[in-house]
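Written below as structure tokens is the structure these notes are about.
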Amino acid sequence: MTAIRTFKFRKRFPNGGLAADLSAESVANGRPNEQRIQVHRKIYLSPPPGIHWKDLAWLCVGASLHSENLSALYPEGIEVAVHRLTFPLSDYRSEVAALTIDGWLQEEFNLPDVGARVDYSPETGSNVFHWGDTQDPFADNF
């Protein structure tokens, strides 16, 4: 459906920063013999080869934040094929995968901001991730 496009996530803080690049494309559902993960109804994610399980889990979280909007846009279904997720080890946490695909989806489909972000907490000296209205991204909402 679309050409492969890269989204670059960058966030600088007093304690360093977070960064990742995600290259992906959207494709029609129904490709034979492809590894893919169901994120929601007919919304699928194809992971890049050799991805770490935590990065894959967070990619799914980021995609799930937009699943209702994607289902409304593509009731017949859609697949997001992630070709590459790259990052410097010094500026990365697995949660950044969710923020990177969130940004890619917003740009690719002109989706609204759902409130996913990362802030720096001076009190703790660490990064704090927020997922919009989703309190626990790994809660089973069935």
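None of the figures in this text is laboratory data; all of them are computed from the coordinates on show. As the structure is a computational prediction, the values presented were derived from the model and not from experiment. All Cβ positions, even for glycine, are placed from backbone atoms using ideal geometry, and neighbour counts span all protein chains on display.
For this structure, a couple of remarks:
- Whole-angstrom gap from segment 7-25 to segment 63-90, using each part's C-alpha centre: 17 Å
- Between 105, 70, 59, the Gaussian network model of the chain with springs among Cα atoms under 10 angstrom shows the greatest mean-square fluctuation at 70.
- Using the Cβ-Cβ distance between residue 21 and residue 126 with R0 = 35 Å, the FRET efficiency computed as 1/(1 + (r/R0)^6) comes to roughly 0.90.
- For the chain, the relative contact order is 27 percent, taking Cα pairs closer than 8 Å that sit 6 or more residues apart in sequence and dividing their mean separation by the residue count.
- Value of Rg/Rh across segment 66-142 [Cα atoms, Kirkwood radius]: 1.00
- Taking 1.306 mPa s as the viscosity and 10 °C as the temperature, the Stokes-Einstein diffusion coefficient of the chain based on its alpha-carbon Kirkwood radius rounds to 103 µm²/s.
- Helix-only CD estimate at 222 nm, as mean residue ellipticity for the chain, using -39500 (n - 2.57) per DSSP H run (n ≥ 4): -7500 deg cm²/dmol
- Potential extension, residue 37-residue 68 segment - 0.36 nm per residue separation minus Cα distance: 9.5 nm
- GNM flexibility winner over the chain from 66, 52, 130 (Cα, springs under 10 Å): 52
- Nonlocal amide H pairs with residue 66, under 5 Å, H built at 1.01 Å: none
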